[in-house]
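The values are calculated or read from the model by the stated rules, or taken from the named source; none is laboratory data. Just so it is clear, the structure is predicted and the values come from calculations on it, not from any experiment. Note: areas computed on protein heavy atoms with side chains; ligands, DNA, RNA excluded. Shrake-Rupley method; radii C 1.70, N 1.55, O 1.52, S 1.80 Å.
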Amino acid sequence: MNNILKFISATVLAVVAFPFVNCAHAQEGESKRVSFGYDAGAELYSAYLWRGQYNGGLSFQPTLAIGYDGEKTNLRIGTWWNVGASDWGFRKDLEENENGNPNTYFVPEVDVYGTFSFFGVNVGFTHYYYFGGSNYFCWNNLKTWQETEGMVDENTSTTEVQLGYDFGELTDVGLYVNWYSMVAGNDFAYDEEGNITKRNFSSYLEVGYDHEFEDFGLTLGAAVGMVPWASDYYGTEKFAVTCVSLKLEKDWEFEHCIVGLIGQGMINPTGINKDNAYIKASGDDKICQQQLNGTIGCSIWF
């Protein structure tokens, strides 16, 4: 086990250090120099949509990340937040009623993430945390969850890894593909009696295409998302196409920032019907099951 850990550590160190080594050998070629990089900005949306799911209403979403930019490499470690207009009323502070818990299903979210891209190949992780009153990190194993009947950091934290490829890095084609899998936290399968049986390793495959209309400063993006196997996290019992989305963005570049307007439509075609296409009880717990969604927003990036 120690040898495996040493090998993994050495591999990670070599991958991360590679761009800096190249930089040291390329001082004469200025175009190959690695430079400090960062992402800083915020977006404001009329609704928080994610992978075919409605995750909240009016939402403010700031981002801050640091890293480096190379000629064909990129590293970012950062944090992303979501605070919605209804997030201030926490679930525990309101009483249940026959209509559920109005304005209590969605709570503030803070994610920590890291991404590394190398000639179009992208690897990364994201740790999702929802302010439910438990510890920030939740990496419990199946036995711990079974012994506590799922009461350890319940519904508050998951960790996901990512692997993908962006064809636009080496070609003029705006095609990309990403695979995401939950590897820790609250992501388990249950039997008919409600007992935890196994870890789901809930996964999501997204294939998308972005096309830039440079003369107009517009970007049109289309994406299809699929869940490959049963997952309580995504509400699927087998393979399912859970998200088809279309997004249009217009950017204006200024001296110190970029300002954008965004519009997005999203549909979850799996089992859609007149009852779940649009759910009127906007504060009820069932709203996350709404399958026809749209949002408009604005952004600023520095």
- prompt: Going down the table (198/247; 198/274; 238/280; 238/274), which pairs top 31 Å between alpha carbons?
  reply: 198/247; 198/274
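Sort 72, 274, 238 by heavy-atom solvent-accessible area, probe 1.4 angstrom, most to least.
Reading off the accessible areas and sorting them downward yields 274, 238, 72.
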query: Which order do 77, 262 take by accessible area at a 1.4 Å probe, largest first?
result: 77, 262
message: For the range 228-295, what does the accessible surface come to per residue with a 1.4 Å probe? Please give it in Å².
response: 62 Å²
statement: With every protein chain in place, the accessible area of residue 252 for a 1.4 Å probe, in Å² rounded to the nearest 10, comes to 110 Å²
field: Compactness of the range 174-252, expressed as Rg and Dmax over alpha-carbon positions, Å
entry: 17.1, 59
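If I stretch the segment between residue 38 and residue 259 completely, what's the gain in nm (0.36 nm per residue apart, minus their alpha carbon distance), one decimal?
Details: separation 221, 0.36 × 221 = 79.56 nm, distance 1.68 nm.
So the chain would gain 77.9 nm between residue 38 and residue 259.
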